[in-house]
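The values are calculated or read from the model by the stated rules, or taken from the named source; none is laboratory data. Keep in mind it's a predicted model, so treat the numbers as computed, not measured. Each accessible area value is taken on the protein alone, full model and side chains, heavy atoms only, with ligands, DNA and RNA left out. Shrake-Rupley method; radii C 1.70, N 1.55, O 1.52, S 1.80 Å.
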Amino acid sequence: MAKKKEQQIKVTLIRSTIACLPNQKKVVEALGLKKINSFKIHNENPCILGMINKVSHLVKVEKI
């Protein structure tokens, strides 16, 4: 069977994590984002989408 190619998404940090809750800071760090305007490309899967949902007010998501 041929494995279907996963969609990829680009996650960009657009707001600071200074005034955020500690668990939100950990989620941003787990996504691989450090500074404002830093971005990371991830495969679109339920785990990553759940993390993005937790910090949706801090990040911008684009499909690639």
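Just a few scattered comments:
- Ratio of the Cα radius of gyration of the chain to 2.2 N^0.38 Å, where N counts its residues: 1.17
- The accessible surface of the chain, taken with every protein chain in place and a 1.4 Å probe, is 56 percent carbon and sulfur.
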